[in-house]
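Read through the structure below, which is laid out as structure tokens, and then see the notes.
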Amino acid sequence: MEFIVEDFKLEPLKDGKFIKPAFATFKLNGQNRDWEIVDSKDSVAILIFNSDNNSFVCVKQFRPAVYAHNKNSGVTIELCAGLVDKNLTLEQIAIEEIFEETGYKVALDSLKKITSFYTSVGFAGSKQHLYFAEVNNSLKVSSGGGIEGEELIEVIEIPLHKAKEFIYNEDIAKTPGLLFAFEWFINNRS
């Protein structure tokens, strides 16, 4: 899949759907302070391992913020993930995201919670809940790719034997959650 970026502009955010910029003022140890923050939603992320292919199932997508910051391609390799923006359990949201983004039909009881941690602590402080799901080729029921018209996602697989090389390749834009999840798998599962 090719990502072609044209006419990229940055403008002030007026009414954010998923985030809201804010200016925090407070006292810390008796001194007046201020800080620019973003009120954002928590998220779930899922490390998916295909046991038939001995590989990690990841998503490749264009991220405007990465593009704006680095003026590179803006394409990142990430775990399957989504915002906690529905009245569902974290596990139910994870199952929905796995299906929407990767096309795998996973049973709720097959998810394993790895941990939760805070991301973007300097400006957002949202929490990410990390899960593990093992799949096989028989669970692949659609091509995935995200919600049509809203997301443009390519499903990719990274072979387990290339995971360490991938982790340390600085030429590939990837998230800290993905790096942590790969290391978790290597240290606990392989």
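A few points about this structure:
- Single unsatisfied condition, GLN31 versus (1) in contact with a strand residue (DSSP E or B) (Cβ under 8 Å, 6 or more places away or on another chain); (2) loosely packed, with under 10 Cβ neighbours inside 10 Å; (3) more than 25 Å from ASP85 (Cα to Cα): (1)
- From the options GLU150, GLU100, residue that is closer than 22 Å to VAL75 by Cα, loosely packed, with under 13 Cβ neighbours inside 10 Å and of a type outside the set (A, V, I, L, M): GLU150
- Flag for GLU97 being in a helix (DSSP H, G or I), touching a helix residue (DSSP H, G or I) at 6+ places or on another chain (Cβ under 8 Å) and either over 21 Å from PHE185 (Cα atoms) or at pLDDT 95 or above (or both): no
- Taking first residues from region 63-77 that are within 13 Å of LEU10 (Cβ to Cβ) and partners that are surrounded by fewer than 10 Cβ atoms within 10 Å (Cβ to Cβ), the Cβ contacts under 8 Å between residues at least 6 apart in sequence or on separate chains come to ALA68/LEU10.
- Region 134-182 - residue that is under 16 Å from the mean Cα position of the chain (by Cα) and in a helix (DSSP H, G or I) and, of those, nearest to VAL59 (Cα to Cα): LEU178
- Note on region 167-188: residues that are free of Cβ contacts under 8 Å to residues at least 60 places away in the same chain and either of a type in the set (S, T, N, Q) or within 21 Å of TYR67 (Cβ to Cβ) (or both) amount to 7.
- Extreme residue, nearest to PHE180 (Cα to Cα), among residues of region 69-88 that are modelled with pLDDT of 90 or more and outside any loop (DSSP other than H, G, I, E, B): GLU78
- Counted residues, region 34-60 - those being crowded, with 17+ Cβ neighbours inside 10 Å, of a type in the set (Ser, Thr, Tyr) and in contact with an Asp or Glu (Cβ under 8 Å, 6 or more places away or on another chain): 1
- Within region 20-44, residues that are under 30 Å from GLU91 (Cα atoms) reach partners that are among the hydroxyl-bearing types (Ser, Thr, Tyr) with beta carbons closer than 7 Å, at six or more positions or on different chains, in the pairs SER40/SER126; LYS41/SER126; ASP42/SER126; SER43/SER126; VAL44/TYR131.
- Evaluation of GLU91 against (1) part of a loop (DSSP other than H, G, I, E, B); (2) modelled with pLDDT of 95 or more (one fails), failing number: (1)
- Any chance GLU157 is surrounded by 12 or more Cβ atoms within 10 Å (Cβ to Cβ) and in contact with a strand residue (DSSP E or B) (Cβ under 7 Å, 6 or more places away or on another chain): yes
- Given (1) in a loop (DSSP other than H, G, I, E, B); (2) of a type outside the set (Val, Ile, Thr); (3) closer than 11 Å to ILE46 by Cα, index of the condition ALA124 fails: (3)
- Of the residues making up region 14-42, those that are under 30 Å from VAL155 (Cβ atoms), outside any strand (DSSP E or B) and not charged (D, E, K, R) are GLY16, PHE18.
The values are calculated or read from the model by the stated rules, or taken from the named source; none is laboratory data. From a predicted model like this one, the values you see are computed outputs, not experimental measurements. Glycine gets a Cβ as well: all are built from the backbone with ideal geometry, and neighbour counts include every protein chain shown.
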